[in-house]
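Input: a single structure, listed below in C-alpha cells.
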Amino acid sequence: VAAVFDSPWKNPILSGFELSPIIRYNSGHPFNLLAGTDVNGDRHSTNDRPIGAGRNTGRGPDYVDFDLRLSRQFKLRERVTLHLMAEAFNLFNRTNFASVNSTLGPNFGLLPGFQTFAVRGTSAISPSQPLGFTSAFPKREIQLGVRLIF
C-alpha cells in the first residue's frame, strides 16, 4: 500500500509539504528442505532433499515493512525550487529475516515423533542449527536529501 498526501493548507508555513507512506507485507516464501548429503547417488549433495520431502515444503518468515518520506518544497524564484527530503526505511525497526538454514539431514522424515515436512524457520535457535534464521534484511535506515530544480 502506498500513498502520497499533499499539504491541504495554503499559508506560507504549512504549504508545500508532502507525506508518502509505504506499507509492505509478504507472507513467508517457500523453500526446499535439504538433506546435506548425497541421498540419491548422483554425486551432488547440495540439492538433495530428505527422504520423502517434497519441493518447497519449508516456509520462510513473513516480511513487514513501513517506509515514510516527508518532503517540503520552497519556491526560490520563478524557475528555481528547493526540495528538502527526509526518508525512513523500516521505520519501526522490525527484524525481517531473509533466509533459513534449510539443511535438516537425510533422516529428518524418519525421526521418531515426525509429523510433517511443512516446517517454518524460527528465531529461537542459532543460525547454525536446522531451521534457524541465517540472515536479516537491513534495520532502520534514515536519509536526508536536498534537490535544487532550475
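The values are calculated or read from the model by the stated rules, or taken from the named source; none is laboratory data. Computed from a prediction, not measured in an experiment: that's the story for all the values here. For neighbour counting, all protein chains shown are included, and Cβ atoms are generated from backbone atoms with ideal geometry for every residue, glycine included. The accessibility values were calculated without ligands, DNA or RNA, using every heavy atom of the protein model including side chains. Shrake-Rupley method; radii C 1.70, N 1.55, O 1.52, S 1.80 Å.
When residues in the range 92-108 are screened for being open to solvent by 50 Å² or more (accessible area, probe 1.4 Å) and assigned to a loop (DSSP other than H, G, I, E, B), 5 of them pass. The number of residues in the range 23-43 being surrounded by fewer than 14 Cβ atoms within 10 Å (Cβ to Cβ) and either at positive phi or in contact (Cβ under 8 Å) with a residue 24 or more places away in the chain (or both) comes to 9.
The set of residues in the range 58-75 being open to solvent by 70 Å² or more (accessible area, probe 1.4 Å) and in contact with a Phe, Trp or Tyr (Cβ under 9 Å, 6 or more places away or on another chain) consists of 59, 70, 73.
If the requirement is being open to solvent by 50 Å² or more (accessible area, probe 1.4 Å), over 23 Å from residue 133 (Cβ atoms) and of a type outside the set (D, E, K, R), which of these qualifies: 111, 19? Selected residue: 19, the only one of 111, 19 that is open to solvent by 50 Å² or more (accessible area, probe 1.4 Å), over 23 Å from residue 133 (Cβ atoms) and of a type outside the set (D, E, K, R). Against the list (1) open to solvent by 90 Å² or more (accessible area, probe 1.4 Å); (2) in contact with a Lys or Arg (Cβ under 9 Å, 6 or more places away or on another chain); (3) over 30 Å from residue 116 (Cβ atoms), the condition residue 55 fails is (3). Residues considered: 117, 137. Of these, the only one that is in contact with a strand residue (DSSP E or B) (Cβ under 9 Å, 6 or more places away or on another chain) and open to solvent by 50 Å² or more (accessible area, probe 1.4 Å) is 137.
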